[in-house]
Amino acid sequence: MVIRDRAQLSILCALGSSVAFSLNDVSVKWLSADYPLHQLVLMRATVALCITLCLVVPLEGGLERLKTRRPFLHLLRGLCVVVANMAFFSSIAVIPLAEATAIFFVAPLLITAFSAVFLKEPVGIRRWSALSIGFVGVIVIVRPGGLGFEWAFLLPLLAAVAYAALHTLTRNMGLSERASTMAFYIQVTFIVVCTGMGVAFGDGRYAGSGHPAVEFLLRAWHWPDPSDWLIIAGMGLCSASAGYLISQAYRMTQAGLVAPFEYTTLVLAVLWGYVIWNEFPTALSVIGIFLILGSGIFVAVREMHFGVGQSTRWISRRR
């Protein structure tokens with residue numbers, strides 16, 4: 001019963017993080033024409049770090065809980081999430097939010113595959129087949145070699161690989177690290193990397209290419225307008241809560257059980273894109289989205305039937 005409760009709590013954490021991630025994506029896209037990406041991420045991470053230190057860390061035992069014997073794995077996780085964020089957010093400056101999110105959401109399928117290869121978690125032929133169908137969906141959306149191909153479509157795919165690596169590392173760390181510790185080191189990595197980017201090209205010296213994704217990365221910093229501070233604070237709140245919740249989800253149970261429930265963000269991306277920017281996927285993109293979504297739902301159903309038992313065996317071995 002305890003194992004089942006842990007699995008259900010993990011799913012709720014994954015759903016909550018999906019809502020927070022979705023709101024964060026909307027906020028970044030909203031501000032993408034006015035600020036450089038690394039400035040937005042730095043300000044967001046600073047707010048998120050303050051929230052983590054003031055609210056989350058005290059709930060989990062105080063600052064002494066931030067000590068870790070696995071600093072190298074925390075560094076790797078941080079670098080993975082930096083790559084995932086930079087690649088994904090650069091893409092949504094160019095391509096519709098729904099299509100970028102759909103491509104990115106091959107990541108839960110990749111997590112299932114990585115869990116099988118690197119963590120030796122059991123994955124059957126049906127889930128491998130679902131993974132293949134999901135990649136067909138990506139190809140349908142990206143249409144490599146087609147007239148409508150835009151290289152920015154590859155950025156969410158890069159983000160998906162980095163994100164899958166992130167949560168494979170999270171699962172490998174298992175119950176030895178608290179979610180607050182994981183969230184803390186991710187925000188610190190964001191701050192260090194984005195500060196370095198600001199020093200290197202925050203004056204806009206390399207801007208001027210004319211491509212929206214490149215300009216989003218390289219344009220000069222400037223002080224935010226007063227009306228944008230509330231959005232930036234909201235981004236930090238979403239980042240802190242989403243990072244904590246998703247770390248909790250993946251550390252408490254089998255990765256393959258949690259991953260499919262992150263597809264909630266894909267549904268929300270279609271909704272926000274239509275309501276806010278009047279974006280709606282093309283017919284081919286809709287087919288690709290349904291292939292990715294359908295494969296994810298199939299994996300979710302398989303995990304709901306078999307994941308709890310597998311999680312029981314995994315946790316027994318860990319103990």
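The values are calculated or read from the model by the stated rules, or taken from the named source; none is laboratory data. Only a predicted model underlies this, so the values are computations on that prediction, with no experimental measurement involved. Ideal geometry is used to build each Cβ from the backbone, glycine not excepted, and the neighbour counts take in all protein chains shown. These area figures cover heavy atoms from the full protein model, side chains too; ligands, DNA and RNA do not enter into them. Shrake-Rupley method; radii C 1.70, N 1.55, O 1.52, S 1.80 Å.
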> Limited to region 97-111, what total is found for residues that are over 17 Å from Leu155 (Cα atoms) and either of a type in the set (Gly, Ala, Ser) or open to solvent by 10 Å² or more (accessible area, probe 1.4 Å) (or both)?
Replying inline: 0
>> Quick test for you: out of Ser91, Ser129, pick the one residue that is under 17 Å from the mean Cα position of the chain (by Cα) and of a type in the set (Ser, Thr, Tyr).
In response: Ser91
> Is it the case that Leu271 is assigned to a helix (DSSP H, G or I), closer than 16 Å to Leu37 by Cβ and open to solvent by 40 Å² or more (accessible area, probe 1.4 Å)?
Replying inline: no
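Please enumerate the residues belonging to region 179-211 that are of a type in the set (S, T, N, Q) and surrounded by fewer than 20 Cβ atoms within 10 Å (Cβ to Cβ). Full working, then the answer.
Of all residues in region 179-211, those of a type in the set (S, T, N, Q) come to 180-181, 187, 189, 195, 209.
Hits for region 179-211 are Thr195, Ser209.
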>> Could you check region 52-87 and list, in sequence order, the residues that are open to solvent by 20 Å² or more (accessible area, probe 1.4 Å), β-branched (Val, Ile, Thr) and over 16 Å from Thr189 (Cα atoms)?
In response: Val56
> Which of the residues spanning region 240-280 are among the hydroxyl-bearing types (Ser, Thr, Tyr) and closer than 24 Å to Val47 by Cα?
Replying inline: Ser241, Tyr244, Ser247, Tyr250, Thr265
> Does Glu215 fit the bill of being acidic (Asp, Glu) and closer than 15 Å to Ile92 by Cβ?
Replying inline: yes
> Scanning for something on the phi > 0 side of the Ramachandran plot and modelled with pLDDT of 85 or more, does region 193-204 turn up at least one residue?
Replying inline: yes
